[in-house]
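**Student:** Dropping a structure here in C-alpha cells format, bear with me for questions.
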Amino acid sequence: MTKFGINLNKTTDLHFFEFIIYKTPFRNVVGLRVIKTKDLKNYSKEQKAEILKQKRKFAIKQVLEKKYTDDQKQAIDYFDNLVGMNKEKQWRGTN
C-alpha cells in the first residue's frame, strides 16, 4: 500500500502474476534466498561476496517440516509448472 498505492484487502482484479512483477524489499529477500552459488559465476569476486553475505543475513534459520496432502502436492506442482519451476520434488510424507 505504501509503495504502490494498492490496497490488497480491497483489490479484487489484481492477478498474482501482475503482483509479483513489483520490485519490493520482500522480493529482493526472496531472490537472495533462492539464488544458488553456481548462479553467481558471472559476478565479480566482490559482488559474490556481498551476495553471499546478504544471503546469510536473510537466511531462514529454521525450516519447519510441512506435510502436504496429495491434492496440495498437485496444486503446488501445477503452480510450479506455470512459473517454470519443473524440478522434481521429494515430498516428506502426507497428512
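Throughout, read-outs are computed from the coordinates displayed, never taken from laboratory work. Note that the structure is a prediction, hence the values are computed from the model and not measured. Cβ coordinates were reconstructed from backbone atoms using ideal geometry, including for glycine residues, and neighbour counts include every protein chain displayed.
**Student:** For the residue pair L64 and I6, what label-to-label distance in nm results when each label sits 7 Å from Cα along the Cα-to-beta-carbon direction?
**Tutor:** 2.6
**Student:** Now for a separate question. Could you run the Karplus curve 6.51 cos²θ - 1.76 cosθ + 1.60 with θ = phi - 60° over region 53-66 and give me ³J(HN,Hα) per residue in whole Hz, x for Gly and Pro?
**Tutor:** 4, 5, 4, 5, 4, 9, 5, 7, 6, 10, 9, 7, 6, 10
**Student:** Another question about this same structure. Once the Cβ-Cβ distance between L82 and S44 is put in as r, and R0 is 41 Å, what FRET efficiency do you end up with, to the nearest 0.05?
**Tutor:** 0.75
**Student:** OK, next. Ordered by residue, what ³J(HN,Hα) values in Hz, to whole numbers, does region 2-14 give under the Karplus form 6.51 cos²θ - 1.76 cosθ + 1.60, where θ = phi - 60° and Gly and Pro are x?
**Tutor:** Coupling constants for region 2-14: 5, 7, 10, x, 10, 8, 5, 6, 10, 7, 10, 10, 8 Hz.
**Student:** Apply the Kirkwood formula to the chain: the hydrodynamic radius equals the inverse of the mean of 1/r over all pairs of different alpha-carbon atoms; give it in Å with one decimal.
**Tutor:** Numbers: mean 1/r = 0.0601 Å⁻¹.
Over the chain, the inverse of the mean reciprocal pair distance is 16.6 Å.
**Student:** Please turn the phi angles of region 69-83 into ³J(HN,Hα) values with the Karplus equation 6.51 cos²θ - 1.76 cosθ + 1.60 (θ = phi - 60°), one per residue in order, whole Hz, x for glycine and proline.
**Tutor:** 6, 4, 5, 5, 4, 4, 5, 5, 4, 4, 4, 4, 5, 4, 9
**Student:** Where a Cα-Cα gap under 22 Å defines reach, which lysines qualify for K23, not counting those fewer than 8 residues away within the same chain?
**Tutor:** Partners found: K3, K10, K36, K48, K53, K55, K57.
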